[in-house]
2 protein chains.
Amino acid sequence: MSWLAGYGKLDDEENDNLGVDWVLQYEFGDIDQAQAITEFRTLVRDLTEAGLRVQVRHGHGSSLLVFLRVPRDQLGRMVHQSRVKDFLFGIIHTLPDGDENTTADSESPSEELRSVYHAVSWSKELGGAGITPNHGKWKNVTASFPLHDQDACSQLLRQWSRKTNLTIKDLDTIRALFGEKVAFYYAFIHCYSLFLIVPAVLGIIGWLYLGPYSIVYGSALCIWCVVFVEYWKIREHDLAVRWNVKGVGVLKVNRAQYQWEKEVRDPVSGQVMKVFPGWKQFSRQLLLIPFASMAAIALGSLIVVTFASEVFISEVYNGKLKGYLEFVPTILFSLSLPAITSFLTSLATRLTKYENYRTQDLYDLAQTQKSFIMNFITSFLPTILTAYIYVPFGKQIVPHLDLLRRSGLNFDMASHAEFEVDTSRFQQEVIYLSMTAQVLGFGEEIVIPYVKHVLWQKWRDYRDRQHGLTRQRSFSTATDLLLIDPPDEGKFLKRVRSEADADEYKVEDDILEMCVQFGYLALFGVAWPLVPLGFLLNNWLELRGDFFKLTLECQRPPPIRADSIGPCLLGLDVLSWLGTLSTAAIVHIYRGPMAEVKLSSLLLTLFVAEQAYLILRFTVSTALQKIFNGSSRREEAQRYALRKNFLEASHTQSGSPGSPGSRVRQRVRFHERVNVYGSEPTPSPDGSPSPETEKPHDDVLRGSDREAEFWNGLSCDTSDAGVKMIRALSASKVGDEPKSTKEA
Amino acid sequence: MSWLAGYGKLDDEENDNLGVDWVLQYEFGDIDQAQAITEFRTLVRDLTEAGLRVQVRHGHGSSLLVFLRVPRDQLGRMVHQSRVKDFLFGIIHTLPDGDENTTADSESPSEELRSVYHAVSWSKELGGAGITPNHGKWKNVTASFPLHDQDACSQLLRQWSRKTNLTIKDLDTIRALFGEKVAFYYAFIHCYSLFLIVPAVLGIIGWLYLGPYSIVYGSALCIWCVVFVEYWKIREHDLAVRWNVKGVGVLKVNRAQYQWEKEVRDPVSGQVMKVFPGWKQFSRQLLLIPFASMAAIALGSLIVVTFASEVFISEVYNGKLKGYLEFVPTILFSLSLPAITSFLTSLATRLTKYENYRTQDLYDLAQTQKSFIMNFITSFLPTILTAYIYVPFGKQIVPHLDLLRRSGLNFDMASHAEFEVDTSRFQQEVIYLSMTAQVLGFGEEIVIPYVKHVLWQKWRDYRDRQHGLTRQRSFSTATDLLLIDPPDEGKFLKRVRSEADADEYKVEDDILEMCVQFGYLALFGVAWPLVPLGFLLNNWLELRGDFFKLTLECQRPPPIRADSIGPCLLGLDVLSWLGTLSTAAIVHIYRGPMAEVKLSSLLLTLFVAEQAYLILRFTVSTALQKIFNGSSRREEAQRYALRKNFLEASHTQSGSPGSPGSRVRQRVRFHERVNVYGSEPTPSPDGSPSPETEKPHDDVLRGSDREAEFWNGLSCDTSDAGVKMIRALSASKVGDEPKSTKEA
């Protein structure tokens, strides 16, 4: 990160990236040597042709690390051109100064890295090297990533651990280091956590004075959900404007896999667009419905079976080994879930590929949508089963689980008469979800992968050293020198090898996790008022943990731009809708004795709750849009300023003589005129020009002498004429009276 | 309409407008002569100062007609400047050619008239004459209107009577004559009528084979409603793009009555904006809720009382005069409704004024919203009462109406035992609404006002002639000449006087009427499958009748621009939502024997219907947006082209030497750089420039010699180095095997 070289500790050898912009990992363990050599030569040639400086070192095992650096003047040109493109597509509203050869300083490391990313990944026609890792020709390029800025990351992490609340500056820093897509996640978790303070405080009060299933707390929670989702939409828009990424989706390049049906050249702008018909894509998207149903059935039946057998063993079965058997269903579930999920995910990927999106963004969006559905089912279905099936109907259903006795086998069964549904089971599950599950999830997501990654690195280092020992005997000294890290590069290369082995960071997963948390709160939060408090504490840790994961466990993600958290936004909407229904139902069912609940009154509650939700959402969204309209106004002002500049520039230009110039072509007005008489224009006699074209700007009145007479008719001044008339008319009006008096 | 002078029949004296652009009517019957003279002199002075040509003639009774004409070169300049303003605010995307003194030909009469309208009505600071009819200083100016283009209107009306379907050209013609706001109404009724063909055909099939209250027909109707509303949104957007009015609300001038709290100068564009805080406006808007409740109570109780007494008289009362008494409630209702409505309307107007909107557009929108609520209640409540109260619960409720007997009076009552609710009453009402009421409404709206207007004109002419006779004796010949119409202007002036007396055309009322019709269909259409057919036939006539009304009964409206049919769009959404619920409920209640309907199953039906509606609406809106994305793409392309032109212009400019020019100021990048280290920037020692500013584009590697060593380190070519490593590493990998073989 040469940009940062100006700051901080240059003496810290370990953290210096040695001017490396980008790293590729080339693995050749699975292919034969000749092919590997050809491929590698092509790789280096492609990179060099794209104007990149290339350096190579060996990686772990049978892999090479290719270090790339974009010469600074080329990089500056790319940054400038990228800004010009932003301008053309309306992302920014001031034209960057300069011509085609201008070089621009980047505003942030992420802007610089984005250009590097484009230089590496864009196709050759667009001026890149066309390296698509893990795909097609380059399927042996197994990793493609920029290096972490160790100094900045550790400093940021240290700062965050000392303070409780992030500021907008911190978000700007995230954006500067990792790009807008990642920054939007941190902005979201930050905004969400701040909002959580309200229900957390209400929850404490509710816990002390109201107890669970309170109508007041439930209503407050629903209102909070709606307000939060609507506010986030506005906040997201604000941030998109602040970060100059509003509408950034349009300028993304086509995916390599995109198939279009026709090329359309736009008559106005001259751009060639590769078009795939919208209705076709939509009809393909409709396959989402069978997919969702299939996922629901597959995951749902797994969950139902697990749930049923767990209930059976814990509540009905009373035989030997009960203590061990109780864990069997959960273990079986945990073992079969990954298989089913990975099958569904592969299906989802095939579907998304078939849907044929133009840009990677849209592709990711569609894929996230599908994983959102799967996540939704696995996360919420068990609790939904407990809340709406097991507790209310357990007494009727559980005895039927007793299939074994019916089938004639004779186990020691708990007596049916004894069976009582544990009504607190639902609440216990909610408490577990908001406390234990969050902590476990944190460990599973952050601690375990870190330990695994560290151990794996140690093992590889050990193996490499072993190989190194065997190898030394058999090669020339020159080659040996290549295979031994120079002493002052040692630590650097070790770090790069570790990063090359690390996972890719998927910000969508983190966003999804937060959405699921929001879903728990919206759907089941009313069962235990301390849920938001638990989530709030968890999120304090989660935010820092995620940043730790991002910087120390994962490869630095390419700084991709986005103007939203993506499809999860729709998910939040759906969750707050379902949350209202669920909260209303839970309060209705669990507040009083369950036996007294009537279906009709429950349905009435739900129906009323839904109307209230719809009206509330409309009101809140209208109100917030009215109140927080600052950023749209600023955006409008910027657009206005651009056009004003254009106008002034065009005036200056037309003022200076001898610049025939590239002015905007004005349309020919006469032929485009709307003929108000409809389809029958009066043809003017051939040859003779129509009276209109003859003297278009002439104020001599046309038509006939009548017009001229009308306008010049009165001999005196108009004003005087009017006054005379007023006198005459009001006299004649008033005159009626005196006259009649006279006559009398 | 000089623009049209080129076309058509110049010889037709009666239809010639004599080059008059605009007419004001000044009435002085209520004020004394001296004041009238002063006011009139001021009026003429203001108009002349604004550059208008003024001519005066006497009107009916104590009124003067002031004829205005904008000189053609001034008009051309105004048209050009209006286009430049459109460009600046992003309404159009090509900069009109020319400088400040360019005159432009207008594309259509309405564009020309809009500029005339601005010249008359805009405040003096904006370059107009500042005439605000019926308001403040000019409250004696009772009419302000352009003259109808008789030729074009009659030709269009004749054409339309011959064909069944309008084309987009006809809509363009309407737009060219009356402006976009009116054209949107015709586009709406046209689109709606075309869509009506589907349920009309389904309805005929349903009527023949399914009968009323069919589930299939009901579902089809609900789907149709949703599809129509979502399609119209897209169609509206398309038309707004076609007519270059997208987002036209932003450039409207402030209302004279607008009160702002502070003036904000935008730092980017330099515009001064007069701001009234959004939250304040929203909190004032919340008064809509008490208003709506009040309207509901006032109108609702009136309707309920009328309904109850009608039922009482027709079903319970059996005494003398029954035949006459039956009509009493309806008559009382019709007599008291206008009073209540006008009271509510005045309340609504006060509310809207208090809400303090910036532009006339927003003001009209808010006012329409309120009249929509009132209309909704008066139109739908009676039928809702019949459908959901009277028919299902009549048997229980009606006997209680029998208050008279209980109060001890002894009338001849129909026996209670005999009382049976007439279950077909609901269907009869729907049939009445879709057939008789539409025809009656047409008569009331179009025929009666026309007859009234014609008779009124005759009466005024007669009276004026009488006055003329009395007057002749008492004034000088010069004044007499002023008061007698010149023979060749006679017919023209007669027409202008008639137009000055005509009503203003309110397009909102016509749109509202269509929305109410759509509401009937959505809410009650399932009760009688032929409803859409009736509406379709009615709309054929309605469209022509409305055009007749617009051209022959009303003043020509000022050609105001709009990009939507306004708040009715939200109304359509609400109606299709309520329609789904209502259809589900009606089908559920009326399909089988009414006694068997259970509350819980009814609620379940409603609940399911609502979810289906929400999902359907989401799907339909997503699908239609995907499929009909042509116009947004075109708009985007236009924006792109603008920016490209700007870029090219700026290159040309910077290329030509000696034009320092008004180029876009580039921001200073260094200071705006995001400091990724958060809040602790490393201060560079004073005086010495930081290494960055020293050589920003230098590709000599900085930092330390280590970087240089890394990049230049390997003695041989990178590609060769890599190849050597591949050989070495794959050999050592493969080597393991042979070695062990060797050892073995």
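Each reported figure results from applying straightforward, stated rules to the coordinates on display, with no laboratory input. No experiment lies behind these values; they were computed from the predicted model shown. FYI the Cβ positions are ideal-geometry reconstructions off the backbone, even for glycines, and counts take in every protein chain you see.
Couple of notes before you dig in:
- Rh (Kirkwood; distinct C-alpha pairs) - segment A:515-560, Å: 12.4
- Take every pair of alpha-carbon atoms less than 8 Å apart whose residues are at least six positions apart; their mean separation over the length of segment B:34-105 yields a relative contact order of 22 percent.
- With R₀ set to 51 Å, the beta-carbon distance separating residue B:198 from residue B:250 gives a calculated FRET efficiency near 0.85.
- All C-alpha to C-alpha distances of segment B:108-229, sorted into 5 Å bins beginning at zero, yield P(r) values of 2, 9, 12, 13, 12, 10, 10, 9, 8, 6, 5, 3, 1, 0 percent in whole numbers.
- Vicinal HN-Hα couplings computed from phi for segment A:141-158 (Karplus, 6.51 cos²θ - 1.76 cosθ + 1.60; Hz; Gly/Pro x): 7, 8, 8, 8, 7, x, 8, 5, 8, 3, 4, 4, 5, 5, 5, 5, 4, 5
- Each peptide in A:121-132, A:530-541, B:247-258 receives the mean, over its residues, of other Cβ atoms within 10 Å, and ordering these scores from highest gives A:530-541, A:121-132, B:247-258.
- Long-range HN-HN contacts of residue B:505 with modeled amide H, under 5 Å: B:555
- Inter-label distance for residue A:161 and residue B:275, nm, one decimal - labels placed 7 Å from Cα along Cα-to-Cβ: 4.2
- Amide H within-cut-off set for residue B:56, under 5 Å, with H built and near neighbours excluded: B:67
- Charging the Cβ of each Asp and Glu at -1 and of each Lys and Arg at +1, and nothing else, the dipole of segment B:21-146 about its Cα centre rounds to 300 debye.
- Distance in nm between pseudo-label sites at residue A:428 and residue B:31 (7 Å out along the Cβ direction from Cα): 8.6
- Using C-alpha pairs below 8 Å separated by at least 6 residues, the relative contact order for segment A:21-146 is 31 percent.
- Taken along the Cα-to-beta-carbon direction at a fixed 7 Å, the label points for residue A:444 and residue A:154 span 3.2 nm.
- Built amide H within the under 5 Å cut-off of residue B:214, gap 5+: none
- Förster-model FRET efficiency, 60 Å R0, residue A:618 and residue A:495, C-beta, rounded to 0.05: 0.65
- Working ranking of peptides B:337-345, A:590-598, B:571-579 by packing, defined as the average number of other Cβ atoms within 10 Å per residue, highest first, is B:571-579, B:337-345, A:590-598.
- Each peptide in B:75-81, B:391-397 gets a packing score, the mean of other Cβ atoms within 10 Å over its residues, and the list from highest to lowest is B:75-81, B:391-397.
- The 3J(HN,Hα) values that the Karplus relation (6.51, -1.76, 1.60; θ = phi - 60°) gives for segment A:422-433 are, in residue order, 7, 5, 7, 4, 4, 5, 4, 5, 5, 4, 4, 4 Hz. Gly and Pro appear as x.
- Neighbouring Cβ atoms from other chains, within 10 Å of the Cβ of residues in B:87-99, number 5 on average.
- Cα-derived Rg to Rh of segment B:164-633, Kirkwood definition: 1.03
- Neighbour-count ranking [beta-carbon atoms within 10 angstrom, fewest first] of B:207, A:138: B:207, A:138
- Among the residues of B:632-643, the average count of other protein chain beta-carbon atoms within 10 Å of the residue beta-carbon is 6.
- Teacher prompt: residue A:424 distances to equivalent labels in other copies, 7 Å Cα→Cβ, nm: 6.5
- Computed from the Cβ-Cβ distance with R0 of 30 Å, the FRET efficiency linking residue B:570 to residue A:506 stands at 0.15.
- Here the Kirkwood formula puts the hydrodynamic radius of segment B:21-146 at 15.5 Å, using every distinct Cα pair.
- Only Lys, Arg (+1) and Asp, Glu (-1) charged, at Cβ; segment B:164-633 dipole about Cα centre in debye: 1040
- Neighbouring Cβ atoms from other chains, within 10 Å of the Cβ of residues in A:608-614, number 2 on average.
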